[in-house]
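The values are calculated or read from the model by the stated rules, or taken from the named source; none is laboratory data. Just so it is clear, the model here is predicted, and its values are computed rather than measured. Don't worry about glycine lacking a Cβ; one is built from the backbone with ideal geometry, like all the others, and counts go over all protein chains shown.
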């Protein structure tokens, strides 16, 4: 069953969702409420929001002409109306899900700088800020618990208005609904990275991936929530990133992992198998025989019929958590948003990925430590506790809580070598459809 979008003003979202899910999953509500059996529920959602520029595709182009043309085209296509409509569509999905915790991937920020304005960057797009604004317009109260800057690069190109440098910072984010306590956070990038060559150039660009983790308390229950985006271009790198991720997940409390794993049914499954050896995927049992594909729509998001054919996004779990429902959002043609383009109404998917929503029951007020059978296969509670304490005490530019998020100015020096390419580039003068 897939979560319907809220469209009837006479029925509240939570009442409607509770009724529908209760028919098939035996629970009364999707949002976090106490049930008659004195159990608490937590609803987690994951969503790759799709910034609009696929870096791996960009860096795997065959020529410098195509490489720089794509950059210029992307800059031309940063239309505020498009991103505002897409952000509203994503907010509608979060609203429909009634999510308590939302893991976002590709919630990036784009800045530009011209040679005549050296040292002065102009923010062209902050997709996270737009999504938060769309949530606020719906009277939905979420805050950024933690986020991490992953790939952080500068790309130089030529536009119709002259030379320009584009700075792109990709981000993984965890949003939490107001009322949920966040007790500790960790944000980091994986040691395992991927280097790709700029076409017809000796320069190389590093693609970083990462995760952000928040320890939360829900009605006296302590658990760990995580958002991550694993590598898409190389299986071995993705596998090693998964090893790093599993090594930092605590085993002395429940864990909910939200992510774009770039692996799963319909795609390469090695990483998915690696993850599900340590955590559980509720989809096979709760959506048996149903289509749960999450990726991917057309790059310009304008396809009419859904092209989803791989289930590479998910919400996994470990510990004393009882999954009661797993659903998708943002996958139906009716979920598309409308914009005006060249005097015509155009329908767009909010993202090239569908979102995944999972609801879990856990005993109200249970002890934060799980029993021995819920621990990881290769770690003791003391080992996990030590790891958790190390991560809790981590500091650095990537370990950002909400207060830091408001004043964040990501450095763009992780990979800045492309800026030295010195104005080489081309621009498609025609506007690419988004």
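Descriptive notes on the structure:
- The listed residues are 257, 275, and the only one of them that is crowded, with 19+ Cβ neighbours inside 10 Å and part of a helix (DSSP H, G or I) turns out to be 275.
- Among the residues of region 220-230, those that are under 14 Å from residue 100 (Cβ atoms) and either more than 17 Å from the chain's Cα centre (by Cα) or assigned to a helix (DSSP H, G or I) (or both) comprise 221, 223.
- Index of the failed condition, residue 198 passing every other in (1) at pLDDT 95 or above; (2) touching a helix residue (DSSP H, G or I) at 6+ places or on another chain (Cβ under 7 Å); (3) farther than 19 Å from residue 318 by Cα: (1)
- Out of 168, 140, 155, sole residue that is in contact (Cβ under 8 Å) with a residue 40 or more places away in the chain, under 28 Å from residue 71 (Cβ atoms) and in contact with a helix residue (DSSP H, G or I) (Cβ under 7 Å, 6 or more places away or on another chain): 155
- From the options 251, 228, residue that is modelled with pLDDT under 95 and surrounded by 23 or more Cβ atoms within 10 Å (Cβ to Cβ): 251
- Test: residue 287 is more than 11 Å from residue 356 (Cβ to Cβ) and surrounded by 15 or more Cβ atoms within 10 Å (Cβ to Cβ): no
- A Cβ distance below 6 Å, combined with a sequence gap of six or more or placement on separate chains, defines the contacts here; from region 60-88, residues that are at negative phi reach residues that are part of a helix (DSSP H, G or I) in the pairs 61/67; 70/58; 83/130; 87/130; 87/131; 87/134; 88/134.
- Residue in region 30-52 that is nearest to residue 350 (Cα to Cα), counting only those that are modelled with pLDDT under 95 and assigned to a strand (DSSP E or B): 41
- Residue 233 being within 12 Å of residue 174 (Cβ to Cβ), touching a residue at least 60 places away in the same chain (Cβ under 8 Å) and under 22 Å from the mean Cα position of the chain (by Cα): no
- In region 78-112, the residue that is nearest to the chain's Cα centre (by Cα) out of those that are at pLDDT below 95 and within 26 Å of residue 189 (Cα to Cα) is 108.
- Residue within region 140-160 that is outside any strand (DSSP E or B) and more than 26 Å from residue 300 (Cα to Cα) present: yes
- Of all residues in region 339-354, those satisfying the criterion of being in a strand (DSSP E or B) and modelled with pLDDT of 95 or more are 347, 348, 353.
Residues are listed down the side, and each one gets a yes or a no for (1) crowded, with 21+ Cβ neighbours inside 10 Å; (2) closer than 18 Å to residue 227 by Cβ; (3) in contact with a strand residue (DSSP E or B) (Cβ under 8 Å, 6 or more places away or on another chain):
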site	(1), (2), (3)
127	yes, yes, yes
131	yes, yes, yes
138	no, no, no
143	no, yes, yes
146	yes, yes, yes
152	yes, yes, yes
155	yes, no, yes
163	no, no, yes
166	yes, no, yes
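- Scope region 278-289; condition part of a loop (DSSP other than H, G, I, E, B), under 18 Å from residue 328 (Cα atoms) and either touching a strand residue (DSSP E or B) at 6+ places or on another chain (Cβ under 7 Å) or touching a residue at least 60 places away in the same chain (Cβ under 8 Å) (or both); matching residues: 281, 282, 287
- Residue 325 meets the conditions (1) in contact with a helix residue (DSSP H, G or I) (Cβ under 7 Å, 6 or more places away or on another chain); (2) at pLDDT below 95 in every case but one. The failed one is (2).
- The set of residues in region 308-331 that are farther than 16 Å from residue 86 by Cβ, in contact (Cβ under 8 Å) with a residue 60 or more places away in the chain and in a loop (DSSP other than H, G, I, E, B) comprises 319, 320, 321.
- Qualifying residue in region 232-242 (condition: under 29 Å from residue 133 (Cβ atoms) and at pLDDT 95 or above): no
- Filter pass, residue 186 being in contact with a helix residue (DSSP H, G or I) (Cβ under 6 Å, 6 or more places away or on another chain), under 19 Å from residue 318 (Cβ atoms), at pLDDT 95 or above and surrounded by 19 or more Cβ atoms within 10 Å (Cβ to Cβ): yes
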